[in-house]
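Let me begin by presenting the structure, written as structure tokens, before commenting on it.
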Amino acid sequence: MKKERRRIIIDFEVLSKGGFWMCCMKDYKTQKEHIIINNREEFLRVFNKNKDSVWVGYNIKGYDQWIMKAIIAGVDPCIISDKLIEQNISPYQVDRSLNRIPIYIFELNDSYRSLKELELFMGEDIRESTVPFDLNRYPTKEEIEELTTYCLHDVRMTFKVFKEVYYKYEAQLGLIEYFNLDESMINKTEAQLSAYILGAKKPNYAREDVADFEIVNTIELSKYNNIKQWYEDYNNRDFKKYLRANVYGVDTDFGWGGLHSARKKYQGEDFIVNSDVSSFYPSIMIEYGLLSRNIQNPTKFKEIRDTRFKFKKEKNPIEKSLKLVLNSTYGACLDANNDLYDQRQGIGICVNGQLLLLDLIEKVELEFGDRAEFIQGNTDGVMFKFKSKEDVDKYLEICKEWSQRTRMNLDHDFVKKIIQKDVNNYIYVKEEGSIKSKGAYVKKLSLIDNDLPIVNKAIKEKLINDIEIEDTINNCNDLMDFQKCVKITGKYSHAVYGSENINLKVFRVFASKSSSDNAIMKMKSDGKLEKISYTPDRVFIDNSKVIGKDVLDKLDKSWYIKLAKDRLESFIPENSFTLFDYFNMI
């Protein structure tokens, strides 16, 4: 945007049967807060003063913006809320006149997690208001005070989430400025924005050629040509079948997703190279004409990729904005609601991506045989272990030939040591000393992805620094580090703890030594109880704010130690050593 717009976090609470609404706001820059209770005149005063602001919310697209627009239009927000929630009517069909009211909004909801789940991860209070939202009368003064506290809490939590993902807002803003788009485009998702920038328009007819993708002509396979032939057989193109093959000593599944292949419980050191294809899927789209056929000017996509590479070298922050377009285009090809939707191209990209990497793996196997190991293959890269620097140099020559033939560029990481559970869980140290980890057990946690942090930390400390699991866990006294985040899905009516029925959807539980504590259970619709998976047999629940709290005497640290050791065992083969051994040798 040409000027920095004010960003205001907003949240509404509506009791549609009680004729009550309220909203809380928080200015992102000044952090000033404002509360409005059932006062349209005050809301209009604030809105008109800030109508050019960007209104930020969690599920603002699906709910809050329509309550805002109803108040602006003089429509009863309680009626709109009832239609949205109770009648489950599409927001765009609730009252079509509301669609014409322009406001700038930015959505934080990623459709995967609720705000309460993120509050749970952040160690915040996740208790719900005791005021029922189906209350059929106007709330009392005490109830309004409770609703105000609840609403203000959610606004503060939304503010905290916004700070954590602010880079996404900046990237989207960068696209709008770079392409000189109308400022209302901030309302779009990344995929919608990409489709608009590329000038994509869905045809008004359904394509029937999803299975008619072609294999690109630069792929040269001999030993594994049968895999290419499997894809060429139309009988296999029902997208239900998959092929399992042993590729360079590793069982590999070929189907309709990215390449996934890895040695299980593998450990290796020295002369290891991890090679990733630069902007793999975008490059396939460009080099082989596999962009969505809905794009009117395909050369624009190539210009964006080339400019992004240039900006990345120059450390121009706009490269992150351009990366949004490149990375969201493939997924949008498979999204029926996006103007880029083109299943044939999307599947063609995926299949050819697997075969191009298979081509590289085959060339390495034919050259080195048992003088090298294929460690893993993933969606956009491969990893090998060699016996000498000379072999690594030869491998790089093979990569150069492959790149020239396929028109794909490779980036190489030279790895000193890797410990790998499977393709989705590994940790390795690069030659220059930096460490990379991936997977639920060892990934880098964040404020909004923070389940069992002490277990994650204990495993990494053991693998990297040879610190015993017991030492890491027993020396930690921060209660939040021991939180187990639990969610009740829609298949279950409620949770059960002892004789207590709990109607919350998310919980924060901790392993307990107390014999008076119980397991956390969930009730199925048929009345059967099930223990919630991956939780201790005895837990205590703390849904209040746990930031800064010390552990309780009844916390059962032995449960966390056992879990960490079980997970660690899935990484390490027998008679192996840790990354700590490597550091001792240098």
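The values are calculated or read from the model by the stated rules, or taken from the named source; none is laboratory data. Note that the structure is a prediction, hence the values are computed from the model and not measured. Don't worry about glycine lacking a Cβ; one is built from the backbone with ideal geometry, like all the others, and counts go over all protein chains shown.
Tabulated data
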quantity	calculated
Looking only at the stretch 429-469, and only at residues there that are more than 27 Å from Lys163 (Cβ to Cβ) and surrounded by fewer than 17 Cβ atoms within 10 Å (Cβ to Cβ), the one that is modelled with the highest pLDDT	Glu468
Residue in the stretch 132-147 that is nearest to the chain's Cα centre (by Cα), counting only those that are crowded, with 16+ Cβ neighbours inside 10 Å and part of a helix (DSSP H, G or I)	Leu147
Evaluation of Ser328 against (1) over 15 Å from Phe179 (Cβ atoms); (2) surrounded by fewer than 22 Cβ atoms within 10 Å (Cβ to Cβ); (3) hydroxyl-bearing (Ser, Thr, Tyr) (one fails), failing number	(1)
Pair list, Cβ under 8 Å, 6 or more apart: the stretch 154-166 residue crowded, with 20+ Cβ neighbours inside 10 Å, other residue assigned to a helix (DSSP H, G or I)	Asp154/Leu115; Met157/Leu115; Met157/Leu118; Met157/Glu119; Thr158/Leu115; Val161/Leu115; Val161/Leu118; Phe162/Tyr169
Flag if Tyr441 is part of a loop (DSSP other than H, G, I, E, B) and either farther than 24 Å from His260 by Cβ or not β-branched (Val, Ile, Thr) (or both)	yes
Selected residue (criterion: nearest to Ile454 (Cα to Cα)) from residues of the stretch 508-544 that are surrounded by 16 or more Cβ atoms within 10 Å (Cβ to Cβ) and in contact (Cβ under 8 Å) with a residue 60 or more places away in the chain	Arg508
Within the stretch 542-560, tally of residues that are aliphatic (A, V, I, L, M) and more than 28 Å from the chain's Cα centre (by Cα)	3
Flag if Lys487 is within 29 Å of Met383 (Cβ to Cβ) and not polar (S, T, N, Q)	no
Yes/no for Lys264 being touching a residue at least 40 places away in the same chain (Cβ under 8 Å) and within 30 Å of Ser570 (Cα to Cα)	yes
Of all residues making up the stretch 360-378, the number that are of a type outside the set (Gly, Ala, Ser), over 13 Å from Phe254 (Cβ atoms) and not in a strand (DSSP E or B)	10
Within the stretch 3-20, tally of residues that are assigned to a strand (DSSP E or B), under 22 Å from Val54 (Cβ atoms) and not aliphatic (A, V, I, L, M)	4
Yes/no for Lys168 being modelled with pLDDT of 95 or more and either within 28 Å of Gln296 (Cβ to Cβ) or within 23 Å of the chain's Cα centre (by Cα) (or both)	no
Test set (1) farther than 17 Å from Ile284 by Cα; (2) over 25 Å from the mean Cα position of the chain (by Cα) - Asp339 fails condition number	(2)
The stretch 418-428, residues that are assigned to a strand (DSSP E or B), within 21 Å of Asp380 (Cβ to Cβ) and not charged (D, E, K, R)	Ile418, Gln420, Asn425, Tyr426, Ile427, Tyr428
Tally, over the stretch 168-186, of residues that are surrounded by fewer than 18 Cβ atoms within 10 Å (Cβ to Cβ), part of a helix (DSSP H, G or I) and polar (S, T, N, Q)	1
Unmet requirement for Thr218, which otherwise passes all of (1) among the hydroxyl-bearing types (Ser, Thr, Tyr); (2) without any contact (Cβ under 8 Å) to a residue 60 or more places away in the chain; (3) touching a Ser or Thr at 6+ places or on another chain (Cβ under 9 Å)	(2)
Selection status of Ile561, surrounded by fewer than 17 Cβ atoms within 10 Å (Cβ to Cβ) and out of contact with any Pro (no Cβ under 9 Å at 6 or more places or on another chain)	no
Pairs, first farther than 21 Å from Val486 by Cα in the stretch 452-476, second of a type in the set (S, T, N, Q) and modelled with pLDDT under 95, C-beta under 6 Å, six or more apart	Leu463/Thr578; Asp466/Thr578
Sole exception among (1) touching a Pro at 6+ places or on another chain (Cβ under 7 Å); (2) within 30 Å of Asp212 (Cα to Cα) for Tyr341, by number	(1)
Meets criteria (out of contact with any strand residue (DSSP E or B) (no Cβ under 7 Å at 6 or more places or on another chain) and of a type in the set (A, V, I, L, M)) for Ala372	no
Candidates Asp52, Asp27, filtered to the one that is in contact (Cβ under 8 Å) with a residue 12 or more places away in the chain and under 24 Å from Asp110 (Cβ atoms)	Asp27
Of residues in the stretch 187-215 being surrounded by fewer than 20 Cβ atoms within 10 Å (Cβ to Cβ) and aliphatic (A, V, I, L, M), the one farthest from Arg7 (Cα to Cα)	Ile215
Filter result (within 18 Å of Asp11 (Cβ to Cβ), hydroxyl-bearing (Ser, Thr, Tyr) and part of a helix (DSSP H, G or I)) within the stretch 56-112	Tyr63, Ser81
Subset tally (residues that are out of contact with any Lys or Arg (no Cβ under 7 Å at 6 or more places or on another chain) and either loosely packed, with under 12 Cβ neighbours inside 10 Å or of a type in the set (A, V, I, L, M) (or both)) for the stretch 216-231	5
Subset of the stretch 532-564 [in contact with a helix residue (DSSP H, G or I) (Cβ under 7 Å, 6 or more places away or on another chain) and within 23 Å of Thr489 (Cβ to Cβ)]	Pro536, Leu563
Residues of the stretch 387-412 satisfying the condition of being out of contact with any helix residue (DSSP H, G or I) (no Cβ under 8 Å at 6 or more places or on another chain) and in a strand (DSSP E or B)	Asp411
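Condition check ((1) of a type in the set (A, V, I, L, M, F, W, C); (2) surrounded by 15 or more Cβ atoms within 10 Å (Cβ to Cβ)) across all residues:
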site: Leu15; (1), (2): yes, yes
site: Val46; (1), (2): yes, yes
site: Gly74; (1), (2): no, no
site: Ile101; (1), (2): yes, no
